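We did not get these values from a lab; they are worked out from the coordinates using the rules stated. Everything numeric here is computed off the predicted structure, so don't read it as measured data. Cβ sites come from the backbone with ideal geometry, for glycine too, and all protein chains shown count toward neighbours.
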Amino acid sequence: MHAHWLEDEDEGEISIDELRAQGVHFEQLSTDPAEYQGPIDVLKKDKGYIEQDEVALTPALPNLDEICAKFIDEHLHDEDEVRFVLEGEGIFDIRSEDDRWMRVKVDEGDLIVVPAKRHHRFMLTDEKTIRCVRLFKDQSGWVPHYRDRA
């Protein structure tokens with residue numbers, strides 16, 4: 001994970017403690033299913049997530065650009081967005097509590113929880129590959145609500 005303030009690079013990097021102070025949960029786990037499922041199960045129990053699936057985005061997907069276009073505009077969800085990166089990488093731009101952009105690049109082994117009702121956007125890196133475990137309380141709560149749309 002690498003995080004920094006997007007608008008003001010002079011502010012420097014954002015630590016895990018600062019992310020947590022902003023309400024963003026982050027931790028690193030092994031990508032071995034025998035090792036990560038236990039901590040994932042604890043998170044599910046603690047936060048009430050009941051559904052778990054896996055999603056993969058790769059250049060081989062014929063509609064990759066169309067899929068990614070849904071995530072690039074600033075939006076929020078009615079429930080947390082939970083991603084555990086099994087391979088590849090991606091970028092979350094997340095609004096801080098005072099409405100500044102925090103850029104968080106996640107890599108293999110990174111678990112991030114963007115809190116419910118927090119504006120954010122997501123994009124792939126130039127690698128255009130990410131495979132993640134996703135957790136939901138209810139997948140219907142993960143519908144995007146775009147900030148600049150009526």
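Once R0 is set to 35 Å, what does the formula 1/(1 + (r/R0)^6) return for the Cβ-Cβ distance between Gln37 and Asp98, expressed as a FRET efficiency to the nearest 0.05?
Working: r = 36 Å, r/R0 = 1.04.
Rounded to the nearest 0.05, the efficiency is 0.45.
Give the span of region 4-74's Cα atoms along each principal axis, as three whole-Å numbers ordered largest to smallest.
41, 36, 23
For region 48-122, what is the Kirkwood hydrodynamic radius in Å, using each pair of distinct C-alpha atoms? Don't skip to the end; give the middle numbers.
Working: mean 1/r = 0.0743 Å⁻¹.
Kirkwood hydrodynamic radius for region 48-122: 13.5 Å.
Using only alpha carbon pairs under 8 Å that are at least six residues apart, calculate the relative contact order of the chain and give it in whole percent. Don't jump to the answer; show the numbers that get you there.
Details: 304 pairs, mean separation 51.0, N = 150.
Relative contact order of the chain: 34 percent.
For log10 I(q)/I(0) by the Debye sum over Cα atoms at q = 0.10, 0.15, 0.21 Å⁻¹, pick the label among (i) -0.33, -0.78, -1.57; (ii) -0.39, -0.74, -1.18; (iii) -0.84, -1.11, -1.18 that corresponds to the value derived from the coordinates.
Checked against the structure: label (i).
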